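Below is one structure, written out as structure tokens; comments come after it.
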Amino acid sequence: FRLSMRDFDNRPEELFAYFRREDQANSKLAIFVHGFFGSYLSTWGALPDLLHKNSDTPTSAFSDWDYVFLGYKTRAIRGYLDISDLLLTHMRNALSGNGPYGQPYDDFSLFGHSLGTLGIRQFLCTSSFHDVQLVRKVRSVTLFGSPGKGSPLAPIAAPFVEVGHALKPGNPQLRMLAEWTACAHSQGSWPPPLLVMGKGDKVVGPDAIQFAGDNEKIESTSFGHFALVKPRSWKKSGVVEIISKALA
């Protein structure tokens, strides 16, 4: 019995890591997108390593999925559309099996943290920029520590990082995204995003701001903004449990 049946393709220069089953061709891909000044791997703590070692154990709910962790340089991002474009590029490649992907995928599950959640929201509602069928292949959306109302800390970062302006409370980008989401959702829906918020979150606050089409349920944990997505173990982590439910 092998602990892992995964090929681990880690490309630091491309801010990209990909876990693919070697013994079978999965058709489902889970995509993780980090937040403001995060990292494609370290944002998620031990999660990539835990997935690599445990996702194919007997009776695992994770075994039929492959996993990709996407990254970007925060200083190069001007707004949510830049993250949306990154996600779109990878989903198109994954759909056709091009680029770094070992085979084509037909189902996607999206996970975002902080600023990454706004990029995911932007992707979902900008179907005019791509084939709407791509959005319909998304099976679940989970947003951790989503700054739906911005962050009170954003004004500190804004003079130094352009995307910091897009995180100020009440900023035009955020207001436009909420309206754009409402209009797009009325034309064609996507799976209701689940919001996961931390009671100890000092970056965006413990209260979620819901957008059109969001899941009525909000998952609340005791963690802070960064610990929210860093599991302590495979069996006892709320993060792992939440991901497991999203992939079921």
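The values are calculated or read from the model by the stated rules, or taken from the named source; none is laboratory data. Since the model is a prediction, treat every value here as computed from it, not as a measurement. We place every Cβ from the backbone using ideal geometry, glycine too, and count neighbours over all the protein chains shown. Quick note on the areas: whole protein, heavy atoms, side chains included, nothing else; ligands and nucleic acids left out. Shrake-Rupley method; radii C 1.70, N 1.55, O 1.52, S 1.80 Å.
Of the numbered conditions (1) touching a residue at least 24 places away in the same chain (Cβ under 8 Å); (2) in contact with a Ser or Thr (Cβ under 6 Å, 6 or more places away or on another chain), Gly188 fails exactly one; give the number of that condition.
Going through the list (1) touching a residue at least 24 places away in the same chain (Cβ under 8 Å); (2) in contact with a Ser or Thr (Cβ under 6 Å, 6 or more places away or on another chain), Gly188 breaks only (2).
Kindly evaluate Asp207 against the criterion of being surrounded by 19 or more Cβ atoms within 10 Å (Cβ to Cβ), among the charged types (D, E, K, R) and either at pLDDT below 95 or within 17 Å of the chain's Cα centre (by Cα) (or both).
no
Looking at the range 36-65, I want the residues that are over 30 Å from Pro152 (Cα atoms) and open to solvent by 20 Å² or more (accessible area, probe 1.4 Å) and have a partner that is hydroxyl-bearing (Ser, Thr, Tyr) and assigned to a helix (DSSP H, G or I) with Cβ atoms under 8 Å, at least 6 apart or on another chain. Which pairs are those?
Correct list of pairs: Ala61/Ser244.
What number of residues within the range 146-172 satisfy the criterion of being in a helix (DSSP H, G or I) and under 22 Å from the mean Cα position of the chain (by Cα)?
7
Conditions tested, residue by residue: (1) out of contact with any Leu (no Cβ under 8 Å at 6 or more places or on another chain); (2) within 28 Å of Ala61 (Cβ to Cβ); (3) surrounded by 19 or more Cβ atoms within 10 Å (Cβ to Cβ).
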site: Arg75; (1), (2), (3): yes, no, no
site: Ser114; (1), (2), (3): yes, yes, yes
site: Gly119; (1), (2), (3): no, yes, yes
site: Val138; (1), (2), (3): no, yes, yes
site: Ala166; (1), (2), (3): no, no, yes
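So which residues in the range 213-236 are crowded, with 18+ Cβ neighbours inside 10 Å and of a type in the set (S, T, N, Q)?
Thr221
Would you mind stating whether Pro58 is closer than 21 Å to Gln24 by Cβ, part of a loop (DSSP other than H, G, I, E, B), at pLDDT below 95 and touching a helix residue (DSSP H, G or I) at 6+ places or on another chain (Cβ under 9 Å)?
So Pro58 fails the test.
Quick check on my filter: what residues within the range 20-54 are closer than 13 Å to Met5 by Cα and assigned to a loop (DSSP other than H, G, I, E, B)?
If the condition is that a residue be closer than 13 Å to Met5 by Cα and assigned to a loop (DSSP other than H, G, I, E, B), then Glu22, Asp23, Gln24, Ala25, Asn26 are the ones that fit.
How about the range 1-19: which of its residues are surrounded by fewer than 20 Cβ atoms within 10 Å (Cβ to Cβ) and either part of a helix (DSSP H, G or I) or not hydrophobic (A, V, I, L, M, F, W, C) (or both)?
Once the filter is applied, which keeps residues that are surrounded by fewer than 20 Cβ atoms within 10 Å (Cβ to Cβ) and either part of a helix (DSSP H, G or I) or not hydrophobic (A, V, I, L, M, F, W, C) (or both), the range 1-19 yields Arg2, Ser4, Asp7, Asp9, Asn10, Arg11, Pro12, Glu13, Glu14.
Which residue is most open to solvent (accessible area, probe 1.4 Å), if the candidates are limited to the range 168-204 and must be closer than 12 Å to Gly145 by Cβ and among the charged types (D, E, K, R)?
Lys202
Identify, please: which residue in the range 102-112 is of a type outside the set (Asp, Glu) and open to solvent by 10 Å² or more (accessible area, probe 1.4 Å) and is, among those, modelled with the lowest pLDDT?
Filtering the range 102-112 for residues that are of a type outside the set (Asp, Glu) and open to solvent by 10 Å² or more (accessible area, probe 1.4 Å), the one modelled with the lowest pLDDT comes out as Gly102.
Checking the conditions here, which among Ile218, Ile209 is over 23 Å from Asp82 (Cα atoms) and of a type outside the set (D, E, K, R)?
Going through Ile218, Ile209 in turn, the sole match is Ile218.
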